[in-house]
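Have a look at the structure below before the remarks.
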Amino acid sequence: MSTYKGEKISIRIYGTSHAEKIGAVVSGFPRLEINRERLNSFMKRRAPSSSVFSTKRREPDEPIFEKGLDNGVIDGDFEVVIYNKDVKSGDYNNLYARPRPSHADYCRYLKDGVLDYRGGGEFSARLTAPLCAVGGLAKDYLFENYGVEVLAYLSSVGEVNGTSYKDCAVNKEQIKSVHGGFPSLSNGDEMLCEIEKAFKEGDSVGGTVECIVFGMPKAIGGSLFEGLEGKISNFVYSIPAVKGVEFGMGFDISGMRGSKANDPLEIVDGKIAVTTNNAGGINGGISNGNPITMRIAFRPTPSISLPQKTVDLERMQNVQIKIEGRHDACVAVRAVPVVESAVALAILDAVLKEKNG
């Protein structure tokens, strides 16, 4: 199990990829009337599909509230469960004691001595399903109580780039319009071709997800260890396959002069405004009222059908493996709602601390 202990909210995610069920136990969540239709629609965005980028594993991902739901309302503590319906553990029979390169398998062995890697166990991206169930509720609460909207989209796949907030203004309506299909704002067909090419070659491909927080309240966060960027990054890095997080112009800002990188302040219609957003809506770890913008890099899934070198930990021999089974050819596509969930939960915990504490 894995536990997040925030300022106001605690989340414990439990289960494994091939267990009977996976779930989340949550404490300190504010009162919210659950919109089932909206939550189920959000969960479908993460669930497997028939598309080339997705695993062929079929899971309905229906969130069931086993504790804490009273007449459609949660208030404080609750438990949400998702039952696994399409488990095929036999796909991993040839991998016993043979860690898959760049998976958690070898480091898990170093830590706990585990030799059975069926589905990745508790390190599997399957555990992002209960994260999305809780994250979907956080998104609803933020919007209903503060007008905050956390929205993400795919900005690149492999070497194919799509629309990015770094190049042009991106609005809420643009992002929402693609959440029922392939979640890029442009060049979606080219991205799908890039994924299909890798899949046919027995390989995989990485991608970049961008996330924008619209309507973010000012003055949320703090200095040093209390900084909002650190809080959000901590949560986002809990998503399997994430290898990089940047805010605003991110690494590009290192090549700019201060005169270009700084975000000027002006009085506009009688109010103070930060007129550009190179910093991504955060200065000194505190939100400045601009949209929070960030980019998240996802590595290619290590589960590929091409031959790979590894070792047999029981026999202490060099071996070669081919990974069978069902895997995403590009994990970044289905990770878009997972990013929204992680960011929404981090923002919610920070907002609750500021507003209620």
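Take the chain, connect every pair of alpha-carbon atoms lying under 10 Å apart with a spring to form a Gaussian network, then pick out the residue of Thr276, Thr128, Thr163 with the largest mean-square fluctuation.
Looking only at Thr276, Thr128, Thr163, the largest GNM fluctuation is found for Thr276.
Of the candidates Asn84, Asn40, Asn71, which one comes out as most mobile in a Gaussian network treatment of the chain with C-alpha springs shorter than 10 Å?
Asn71
Using the Kyte-Doolittle scale, which helices in the chain average at least 0.0 and also have C-alpha atoms spread 24 Å or more along the helix axis, with helices defined as whole DSSP H runs? Don't jump to the answer; show the numbers that get you there.
On the way: long enough: 128-146 (25 Å, 0.33); 336-356 (29 Å, 0.95).
The qualifying helices are 128-146, 336-356.
What per residue convex hull volume, in Å³, do the alpha-carbon atoms of the chain yield?
149 Å³
GNM, the chain, Cα, under 10 Å: largest mean-square fluctuation among Val333, Val268, Val80?
Per the Cα network of the chain with a 10 Å cutoff, Val268 tops the list.
Filter the GluC sites (Glu not before Pro) in the range 268-356 to those in DSSP coil with at most 14 other Cβ atoms within 10 Å of their Cβ, and list the result. Before the final figure, lay out each step's value.
On the way: sites: Glu314, Glu324, Glu340, Glu354; in loops: Glu314, Glu324.
Here the GluC sites (Glu not before Pro) that fit, given the DSSP loop and packing criteria, are Glu314.
Long-range amide H contacts for Ser186: which residues qualify at under 5 Å (H placed 1.01 Å from N, peptide plane, sequence gap of 5 or more or a different chain)?
Placed amide hydrogens put Thr163 under 5 Å from Ser186.
Order of Tyr4, Tyr153, Tyr109 from fewest to most other C-beta atoms within 10 Å?
In increasing order of surrounding Cβ atoms, one gets Tyr109, Tyr4, Tyr153.
When the helix-only estimate is applied to the chain (DSSP H runs of n ≥ 4, each -39,500 (n - 2.57), divided by the residue count), what is the mean residue ellipticity at 222 nm, nearest 500 deg cm²/dmol?
Numbers: 9 runs with 95 residues, N = 357.
One gets -8000 deg cm²/dmol as the mean residue ellipticity at 222 nm.
Which ³J(HN,Hα) values, rounded to whole Hz and listed in residue order, are derived for the range 63-77 from phi using the Karplus coefficients 6.51, -1.76 and 1.60 in 6.51 cos²θ - 1.76 cosθ + 1.60 with θ = phi - 60°, glycine and proline given as x?
With the stated coefficients, the range 63-77 comes to x, 10, 8, 8, 9, x, 9, 10, 6, x, 10, 10, 7, x, 10 Hz.
If we count other beta carbons within 10 Å of each Cβ, what is the order of Ile321, Ile272, fewest first?
Least crowded to most crowded, the residues run Ile272, Ile321.
Rounded to the nearest 0.05, what FRET efficiency do Glu314 and Ser2 have when you use their Cβ-Cβ distance and R0 = 22 Å?
0.20
No lab work stands behind these numbers, since they all come straight from the coordinates. In this text, all values refer to a predicted model and were calculated from it rather than measured experimentally. All Cβ positions, even for glycine, are placed from backbone atoms using ideal geometry, and neighbour counts span all protein chains on display.
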